[in-house]
Amino acid sequence: MTAATDASGPRPSKRDAAARERNLTRVQAKIASQQARAQFAETLNALEDKLNVPKQVGMRTERAKVKLRRFADEQPVAAVVVAVGVVAAVGIGVWLAVRSKFD
């Protein structure tokens, strides 16, 4: 035997090549379907997060608390002034509502 025939070995038949191609295509299809499922699951999770109103309210409430605490830590005098203003506005609103009921 010569080196040329030893290196190339037996040539695969067309049938083996077709089977190998078919198997490769099946593997690629399986991988593609797994990727599609993963993307679909991510999309569903994102939609659930966006459409879950109680969860969104909770997240935004936590963000607002953090911002208010940071504001109170950085500018305590301004925070007291804002708090007094809010209390005054609520008090005036309640007083006007009660007054309009009795008049």
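The values are calculated or read from the model by the stated rules, or taken from the named source; none is laboratory data. Treat the numbers as computed from the prediction; the structure is a model and nothing was measured. With ideal geometry, Cβ positions are generated from the backbone for all residues, glycine too; neighbour counts draw on all protein chains shown. Just the protein is used for accessible areas: all its heavy atoms, side chains included, with ligands, DNA and RNA removed. Shrake-Rupley method; radii C 1.70, N 1.55, O 1.52, S 1.80 Å.
Tabulated values for the structure
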{"item": "Considering residues of the stretch 1-33 that are among the acidic types (Asp, Glu) and open to solvent by less than 100 Å² (accessible area, probe 1.4 Å) only, the residue modelled with the lowest pLDDT", "result": "Asp6"}
{"item": "Residue list for the stretch 34-60, restricted to those being surrounded by 10 or more Cβ atoms within 10 Å (Cβ to Cβ) and among the β-branched types (Val, Ile, Thr)", "result": "Thr43, Val57"}
